[in-house]
Amino acid sequence: MAAGGRAWAAAAALLSPWRLRAPRRAYGCGAAAAGGAGRRALLGAAFALGGGAGLYLAARHRLREHSAAELPARNLQLTLYQYKTCPFCSKVRAFLDYHGLSYEIVEVNPIMRREIKFSTYRKVPILLANAGSPLQLNDSSVIISAIKTYLISKRNSLEEIVSFYPPMKTVTEQGKEVFEYGNKYWLMLDEKETKRVYPVNEVRVEEMKWRKWADDWLVHLISPNVYRTPREALASFDYIVREGKFGTVEGFFAKYLGAVAMFFVSKRLKKRHHLQDNVREDLYEAVNEWVKAVGKHRLFMGGNQPNLADLAVYGVLRVMEGLEAFDDMMVHTKIQPWYQRMEEVIQKAVVAA
(Lines give C-alpha, C1' and ligand atoms only; values in the text may rest on other atoms or scores of the structure.)
Protein backbone atom coordinates (compact mmCIF):
# COMPACT_ATOMS: atom_id res chain seq x y z
CA MET A 1 0.00 0.00 0.00
CA ALA A 2 1.38 3.41 -0.89
CA ALA A 3 2.34 5.77 1.93
CA GLY A 4 -0.74 7.89 1.33
CA GLY A 5 -3.01 4.86 1.40
CA ARG A 6 -1.48 3.62 4.64
CA ALA A 7 -1.89 7.03 6.18
CA TRP A 8 -5.57 7.15 5.31
CA ALA A 9 -6.02 3.63 6.65
CA ALA A 10 -4.38 4.71 9.87
CA ALA A 11 -6.71 7.65 10.12
CA ALA A 12 -9.65 5.44 9.40
CA ALA A 13 -8.57 3.04 12.10
CA LEU A 14 -8.86 5.85 14.56
CA LEU A 15 -12.51 6.18 13.87
CA SER A 16 -13.44 2.59 14.40
CA PRO A 17 -15.36 1.51 17.48
CA TRP A 18 -12.57 1.19 19.93
CA ARG A 19 -11.83 2.67 23.25
CA LEU A 20 -9.44 5.49 23.73
CA ARG A 21 -7.16 6.55 26.47
CA ALA A 22 -5.93 9.79 27.90
CA PRO A 23 -2.64 11.39 27.04
CA ARG A 24 -1.04 9.15 29.55
CA ARG A 25 -3.67 6.52 28.92
CA ALA A 26 -6.22 6.56 26.17
CA TYR A 27 -9.18 4.55 25.02
CA GLY A 28 -9.74 2.25 22.10
CA CYS A 29 -9.96 -1.44 21.54
CA GLY A 30 -11.65 -2.91 18.52
CA ALA A 31 -10.31 -3.75 15.15
CA ALA A 32 -11.70 -2.82 11.77
CA ALA A 33 -12.59 -5.56 9.33
CA ALA A 34 -10.07 -6.32 6.63
CA GLY A 35 -12.20 -4.80 3.91
CA GLY A 36 -12.71 -1.04 3.98
CA ALA A 37 -9.56 -0.71 6.03
CA GLY A 38 -9.38 3.02 5.45
CA ARG A 39 -12.56 4.25 7.08
CA ARG A 40 -12.82 1.47 9.66
CA ALA A 41 -9.13 1.74 10.52
CA LEU A 42 -9.53 5.39 11.39
CA LEU A 43 -12.50 4.55 13.58
CA GLY A 44 -10.62 1.74 15.29
CA ALA A 45 -7.78 3.89 16.47
CA ALA A 46 -10.16 6.56 17.57
CA PHE A 47 -12.24 4.34 19.73
CA ALA A 48 -9.13 2.99 21.33
CA LEU A 49 -9.55 5.87 23.71
CA GLY A 50 -13.15 6.01 24.46
CA GLY A 51 -16.41 4.18 24.18
CA GLY A 52 -16.28 2.71 20.77
CA ALA A 53 -17.94 -0.42 22.02
CA GLY A 54 -21.29 1.18 21.39
CA LEU A 55 -20.62 1.60 17.67
CA TYR A 56 -18.48 -1.39 17.01
CA LEU A 57 -20.41 -4.63 17.41
CA ALA A 58 -17.95 -7.20 16.20
CA ALA A 59 -18.11 -10.93 16.68
CA ARG A 60 -16.53 -12.00 19.94
CA HIS A 61 -14.62 -15.20 20.37
CA ARG A 62 -13.32 -17.08 23.36
CA LEU A 63 -10.51 -15.72 25.46
CA ARG A 64 -8.60 -17.48 28.11
CA GLU A 65 -6.98 -15.60 30.90
CA HIS A 66 -5.50 -15.91 34.34
CA SER A 67 -5.07 -14.04 37.53
CA ALA A 68 -5.44 -14.15 41.26
CA ALA A 69 -3.84 -12.09 43.96
CA GLU A 70 -3.89 -14.57 46.77
CA LEU A 71 -3.37 -17.64 44.60
CA PRO A 72 -0.36 -19.14 42.81
CA ALA A 73 -0.09 -18.54 39.08
CA ARG A 74 0.58 -22.26 38.55
CA ASN A 75 3.16 -21.71 35.85
CA LEU A 76 0.90 -19.63 33.62
CA GLN A 77 2.61 -18.11 30.63
CA LEU A 78 0.66 -15.10 29.40
CA THR A 79 0.86 -12.80 26.40
CA LEU A 80 -1.53 -9.86 26.10
CA TYR A 81 -2.27 -8.39 22.67
CA GLN A 82 -3.57 -4.89 23.18
CA TYR A 83 -3.97 -1.25 22.30
CA LYS A 84 -2.46 0.56 25.24
CA THR A 85 -5.20 3.16 25.20
CA CYS A 86 -8.10 0.68 25.15
CA PRO A 87 -10.29 0.63 28.30
CA PHE A 88 -10.97 -3.09 27.94
CA CYS A 89 -7.26 -3.83 27.65
CA SER A 90 -6.67 -1.59 30.65
CA LYS A 91 -9.17 -3.66 32.64
CA VAL A 92 -7.23 -6.83 31.88
CA ARG A 93 -3.89 -5.25 32.79
CA ALA A 94 -5.31 -3.99 36.11
CA PHE A 95 -6.52 -7.50 36.88
CA LEU A 96 -3.22 -9.19 35.98
CA ASP A 97 -1.14 -6.62 37.83
CA TYR A 98 -3.22 -6.78 40.99
CA HIS A 99 -2.93 -10.56 41.05
CA GLY A 100 0.83 -10.41 40.57
CA LEU A 101 0.80 -12.30 37.29
CA SER A 102 3.69 -11.95 34.87
CA TYR A 103 2.75 -11.35 31.25
CA GLU A 104 4.23 -10.09 28.03
CA ILE A 105 2.60 -7.26 26.09
CA VAL A 106 2.34 -7.09 22.32
CA GLU A 107 1.16 -3.67 21.11
CA VAL A 108 -1.03 -4.09 18.04
CA ASN A 109 -0.94 -1.71 15.10
CA PRO A 110 -4.60 -0.60 14.84
CA ILE A 111 -4.43 -0.29 11.07
CA MET A 112 -2.65 -3.35 9.74
CA ARG A 113 -3.04 -5.55 12.84
CA ARG A 114 -0.35 -7.92 11.63
CA GLU A 115 0.38 -8.85 15.24
CA ILE A 116 -2.94 -10.70 15.51
CA LYS A 117 -3.07 -12.16 12.02
CA PHE A 118 -2.97 -15.60 13.65
CA SER A 119 -6.45 -15.01 15.05
CA THR A 120 -9.86 -15.03 13.39
CA TYR A 121 -10.99 -12.87 16.32
CA ARG A 122 -9.92 -9.40 15.23
CA LYS A 123 -10.40 -7.33 18.37
CA VAL A 124 -8.27 -6.69 21.41
CA PRO A 125 -7.62 -7.63 24.10
CA ILE A 126 -6.54 -11.12 23.18
CA LEU A 127 -4.80 -13.16 25.84
CA LEU A 128 -2.68 -16.17 24.95
CA ALA A 129 -2.33 -18.38 28.00
CA ASN A 130 -0.22 -21.49 28.33
CA ALA A 131 -0.89 -23.64 31.38
CA GLY A 132 0.33 -26.85 29.79
CA SER A 133 -1.27 -26.23 26.42
CA PRO A 134 -1.72 -22.95 24.51
CA LEU A 135 -5.11 -21.23 24.67
CA GLN A 136 -6.54 -18.05 23.22
CA LEU A 137 -8.96 -16.02 25.32
CA ASN A 138 -11.11 -13.20 23.96
CA ASP A 139 -13.35 -10.58 25.59
CA SER A 140 -11.97 -8.76 28.60
CA SER A 141 -14.66 -9.91 31.03
CA VAL A 142 -14.40 -13.55 29.95
CA ILE A 143 -10.64 -13.37 30.30
CA ILE A 144 -10.90 -12.03 33.83
CA SER A 145 -13.59 -14.49 34.93
CA ALA A 146 -11.82 -17.51 33.45
CA ILE A 147 -8.40 -16.66 34.88
CA LYS A 148 -9.82 -15.79 38.27
CA THR A 149 -11.66 -19.12 38.33
CA TYR A 150 -8.47 -20.93 37.38
CA LEU A 151 -6.54 -19.30 40.19
CA ILE A 152 -9.15 -20.21 42.77
CA SER A 153 -10.29 -23.64 41.64
CA LYS A 154 -8.11 -26.70 42.07
CA ARG A 155 -10.48 -28.97 40.21
CA ASN A 156 -10.37 -27.95 36.59
CA SER A 157 -7.79 -27.28 33.92
CA LEU A 158 -7.78 -23.92 32.23
CA GLU A 159 -9.04 -25.59 29.07
CA GLU A 160 -12.08 -26.94 30.89
CA ILE A 161 -12.78 -23.63 32.60
CA VAL A 162 -12.72 -21.79 29.27
CA SER A 163 -15.31 -24.22 27.93
CA PHE A 164 -17.73 -22.86 30.54
CA TYR A 165 -17.85 -19.59 28.60
CA PRO A 166 -19.16 -20.62 25.17
CA PRO A 167 -19.85 -17.87 22.63
CA MET A 168 -23.50 -17.41 21.73
CA LYS A 169 -24.48 -16.09 18.32
CA THR A 170 -27.09 -13.35 18.27
CA VAL A 171 -28.40 -10.94 15.66
CA THR A 172 -28.52 -7.20 16.27
CA GLU A 173 -31.37 -4.90 15.29
CA GLN A 174 -29.30 -4.02 12.23
CA GLY A 175 -29.25 -7.69 11.21
CA LYS A 176 -25.59 -8.21 12.07
CA GLU A 177 -24.46 -11.48 13.60
CA VAL A 178 -22.38 -11.10 16.77
CA PHE A 179 -21.14 -13.37 19.52
CA GLU A 180 -21.82 -12.75 23.19
CA TYR A 181 -21.12 -14.51 26.47
CA GLY A 182 -24.15 -14.53 28.72
CA ASN A 183 -22.25 -15.88 31.74
CA LYS A 184 -19.07 -13.87 31.41
CA TYR A 185 -19.39 -12.24 34.84
CA TRP A 186 -19.62 -15.57 36.66
CA LEU A 187 -16.77 -17.37 38.37
CA MET A 188 -17.23 -21.10 37.78
CA LEU A 189 -16.67 -22.37 41.32
CA ASP A 190 -18.08 -25.22 43.33
CA GLU A 191 -20.13 -24.57 46.47
CA LYS A 192 -17.18 -24.67 48.86
CA GLU A 193 -15.08 -22.34 46.72
CA THR A 194 -18.00 -19.97 46.27
CA LYS A 195 -18.55 -19.72 50.02
CA ARG A 196 -14.87 -18.93 50.54
CA VAL A 197 -14.81 -16.15 47.95
CA TYR A 198 -18.36 -14.88 48.50
CA PRO A 199 -19.38 -15.46 52.16
CA VAL A 200 -22.88 -14.22 51.35
CA ASN A 201 -24.61 -14.30 47.98
CA GLU A 202 -25.18 -10.53 48.01
CA VAL A 203 -21.43 -10.00 47.67
CA ARG A 204 -21.36 -12.00 44.45
CA VAL A 205 -24.46 -10.30 43.06
CA GLU A 206 -23.01 -6.86 43.81
CA GLU A 207 -19.70 -7.64 42.12
CA MET A 208 -21.38 -8.98 39.00
CA LYS A 209 -23.78 -6.04 38.82
CA TRP A 210 -21.00 -3.44 38.83
CA ARG A 211 -18.73 -5.35 36.48
CA LYS A 212 -21.59 -5.34 33.99
CA TRP A 213 -22.24 -1.65 34.70
CA ALA A 214 -18.62 -0.84 33.84
CA ASP A 215 -19.00 -2.56 30.44
CA ASP A 216 -22.54 -1.46 29.61
CA TRP A 217 -22.50 2.12 30.83
CA LEU A 218 -19.22 3.53 32.13
CA VAL A 219 -17.25 2.65 28.99
CA HIS A 220 -19.77 4.49 26.82
CA LEU A 221 -19.08 7.74 28.66
CA ILE A 222 -15.40 7.81 27.71
CA SER A 223 -15.50 8.77 24.02
CA PRO A 224 -18.11 11.54 24.35
CA ASN A 225 -16.02 13.07 27.12
CA VAL A 226 -12.51 12.75 25.71
CA TYR A 227 -13.64 13.95 22.25
CA ARG A 228 -16.06 16.53 23.63
CA THR A 229 -14.39 19.52 21.91
CA PRO A 230 -12.00 19.76 18.95
CA ARG A 231 -9.20 20.65 21.36
CA GLU A 232 -9.88 17.64 23.58
CA ALA A 233 -10.17 15.36 20.55
CA LEU A 234 -6.77 16.48 19.30
CA ALA A 235 -5.21 15.98 22.73
CA SER A 236 -6.67 12.48 22.93
CA PHE A 237 -5.35 11.49 19.53
CA ASP A 238 -1.97 12.98 20.28
CA TYR A 239 -1.75 10.58 23.18
CA ILE A 240 -3.03 7.63 21.16
CA VAL A 241 -0.42 8.16 18.47
CA ARG A 242 2.41 8.60 20.97
CA GLU A 243 1.50 5.51 22.97
CA GLY A 244 0.28 3.33 20.11
CA LYS A 245 2.10 1.51 17.35
CA PHE A 246 1.99 3.81 14.32
CA GLY A 247 4.34 4.58 11.51
CA THR A 248 5.39 8.22 11.05
CA VAL A 249 2.98 8.93 8.19
CA GLU A 250 0.23 6.81 9.73
CA GLY A 251 0.58 8.67 13.00
CA PHE A 252 0.37 12.10 11.38
CA PHE A 253 -2.84 11.34 9.51
CA ALA A 254 -4.29 9.36 12.39
CA LYS A 255 -3.80 12.24 14.77
CA TYR A 256 -5.42 14.97 12.72
CA LEU A 257 -8.00 13.06 10.69
CA GLY A 258 -8.88 10.93 13.67
CA ALA A 259 -9.39 13.92 15.95
CA VAL A 260 -11.76 15.59 13.49
CA ALA A 261 -13.68 12.39 12.82
CA MET A 262 -14.03 11.41 16.46
CA PHE A 263 -15.23 14.86 17.44
CA PHE A 264 -18.25 14.29 15.19
CA VAL A 265 -18.60 10.62 16.12
CA SER A 266 -18.73 11.61 19.79
CA LYS A 267 -21.83 13.66 19.02
CA ARG A 268 -23.48 10.59 17.53
CA LEU A 269 -22.50 8.56 20.58
CA LYS A 270 -23.99 11.20 22.84
CA LYS A 271 -27.29 10.88 21.02
CA ARG A 272 -27.15 7.09 20.86
CA HIS A 273 -26.64 6.74 24.61
CA HIS A 274 -29.07 9.55 25.48
CA LEU A 275 -26.46 11.67 27.22
CA GLN A 276 -26.97 15.19 28.47
CA ASP A 277 -25.88 18.19 26.41
CA ASN A 278 -23.01 18.56 28.84
CA VAL A 279 -21.64 15.03 28.78
CA ARG A 280 -19.43 15.78 31.77
CA GLU A 281 -22.53 15.66 33.93
CA ASP A 282 -23.17 12.04 32.93
CA LEU A 283 -19.58 11.17 33.78
CA TYR A 284 -19.81 12.90 37.15
CA GLU A 285 -23.10 11.19 37.97
CA ALA A 286 -21.73 7.79 37.01
CA VAL A 287 -18.57 7.95 39.13
CA ASN A 288 -20.45 9.40 42.09
CA GLU A 289 -22.93 6.55 41.75
CA TRP A 290 -20.00 4.15 41.97
CA VAL A 291 -18.55 5.92 45.02
CA LYS A 292 -21.94 5.78 46.71
CA ALA A 293 -22.18 2.05 46.00
CA VAL A 294 -18.76 1.45 47.57
CA GLY A 295 -19.93 3.42 50.61
CA LYS A 296 -18.16 5.26 53.40
CA HIS A 297 -17.30 2.22 55.48
CA ARG A 298 -15.38 0.21 52.88
CA LEU A 299 -12.03 0.97 51.31
CA PHE A 300 -13.14 -0.87 48.19
CA MET A 301 -16.28 -2.61 47.04
CA GLY A 302 -14.40 -5.78 47.89
CA GLY A 303 -13.84 -4.56 51.45
CA ASN A 304 -10.22 -4.19 52.51
CA GLN A 305 -9.04 -5.33 49.10
CA PRO A 306 -10.40 -4.67 45.59
CA ASN A 307 -12.75 -7.16 44.00
CA LEU A 308 -13.32 -7.67 40.26
CA ALA A 309 -15.74 -4.74 40.12
CA ASP A 310 -13.14 -2.39 41.63
CA LEU A 311 -10.58 -3.54 39.08
CA ALA A 312 -13.01 -3.13 36.18
CA VAL A 313 -14.06 0.42 37.10
CA TYR A 314 -10.48 1.47 37.78
CA GLY A 315 -9.28 -0.05 34.51
CA VAL A 316 -11.87 1.87 32.50
CA LEU A 317 -11.34 5.23 34.21
CA ARG A 318 -7.57 5.25 34.12
CA VAL A 319 -7.46 5.39 30.34
CA MET A 320 -8.44 9.04 30.71
CA GLU A 321 -5.43 9.91 32.84
CA GLY A 322 -3.64 12.96 31.54
CA LEU A 323 -6.70 14.22 29.70
CA GLU A 324 -8.90 17.15 30.60
CA ALA A 325 -11.87 14.88 31.23
CA PHE A 326 -9.90 12.99 33.90
CA ASP A 327 -8.82 16.17 35.67
CA ASP A 328 -12.39 17.50 35.63
CA MET A 329 -13.66 14.21 37.04
CA MET A 330 -11.20 14.36 39.92
CA VAL A 331 -12.19 17.93 40.79
CA HIS A 332 -15.96 17.65 40.44
CA THR A 333 -16.66 14.19 41.89
CA LYS A 334 -15.85 12.18 45.02
CA ILE A 335 -13.83 9.53 43.19
CA GLN A 336 -10.31 10.65 44.10
CA PRO A 337 -9.81 8.87 47.47
CA TRP A 338 -10.98 5.53 46.09
CA TYR A 339 -8.99 6.00 42.89
CA GLN A 340 -5.79 6.77 44.80
CA ARG A 341 -6.27 3.69 46.97
CA MET A 342 -6.62 1.61 43.82
CA GLU A 343 -3.43 3.05 42.39
CA GLU A 344 -1.53 2.31 45.58
CA VAL A 345 -2.73 -1.28 45.99
CA ILE A 346 -1.94 -2.15 42.37
CA GLN A 347 1.47 -0.52 42.51
CA LYS A 348 2.29 -2.53 45.65
CA ALA A 349 1.19 -5.73 43.92
CA VAL A 350 3.40 -4.98 40.91
CA VAL A 351 6.42 -4.24 43.11
CA ALA A 352 5.85 -7.37 45.15
CA ALA A 353 5.43 -9.64 42.11
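List of remarks:
- Of all residues in the stretch 139-156 being within 20 Å of residue 196 (Cα to Cα) and small (Gly, Ala, Ser), the one that is surrounded by the fewest Cβ atoms within 10 Å (Cβ to Cβ): 153
To keep it simple, each residue is scored yes or no on (1) farther than 23 Å from residue 124 by Cα; (2) touching a Lys or Arg at 6+ places or on another chain (Cβ under 9 Å); (3) open to solvent by 70 Å² or more (accessible area, probe 1.4 Å); (4) assigned to a helix (DSSP H, G or I).
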{"site": "228", "(1), (2), (3), (4)": "yes, yes, no, no"}
{"site": "240", "(1), (2), (3), (4)": "no, yes, no, yes"}
{"site": "258", "(1), (2), (3), (4)": "no, no, no, yes"}
{"site": "264", "(1), (2), (3), (4)": "yes, no, yes, yes"}
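- Just one of the listed residues (281, 285, 206) is in contact (Cβ under 8 Å) with a residue 40 or more places away in the chain, assigned to a helix (DSSP H, G or I) and surrounded by fewer than 19 Cβ atoms within 10 Å (Cβ to Cβ), namely 206.
- If the condition is being open to solvent by less than 10 Å² (accessible area, probe 1.4 Å), of a type outside the set (A, V, I, L, M) and in contact with a helix residue (DSSP H, G or I) (Cβ under 8 Å, 6 or more places away or on another chain), then the stretch 111-138 contributes only 125.
- If you go through the stretch 235-252 and keep only what is touching a Phe, Trp or Tyr at 6+ places or on another chain (Cβ under 9 Å) and not charged (D, E, K, R), you end up with 236, 237, 240, 241, 244, 246, 252.
- Elements of type helices (runs of 4 or more DSSP H) in the stretch 307-353, at least 1 residues being buried (at least 24 other Cβ atoms within 10 Å of the Cβ) and either within 14 Å of the chain's Cα centre (by Cα) or acidic (Asp, Glu) (or both): 308-317
- On inspection, residue 186 qualifies as open to solvent by 10 Å² or more (accessible area, probe 1.4 Å), of a type in the set (A, V, I, L, M, F, W, C) and part of a loop (DSSP other than H, G, I, E, B).
- Tally, over the stretch 165-176, of residues that are more than 21 Å from residue 120 (Cβ to Cβ) and surrounded by 14 or more Cβ atoms within 10 Å (Cβ to Cβ): 0
The values are calculated or read from the model by the stated rules, or taken from the named source; none is laboratory data. The structure presented is a predicted model; accordingly, all values stated were derived computationally and were not measured. Backbone-built Cβ (ideal geometry, glycine too); neighbour counts: all protein chains shown. Protein only, heavy atoms only, side chains kept; ligands, DNA and RNA dropped before computing areas. Shrake-Rupley method; radii C 1.70, N 1.55, O 1.52, S 1.80 Å.
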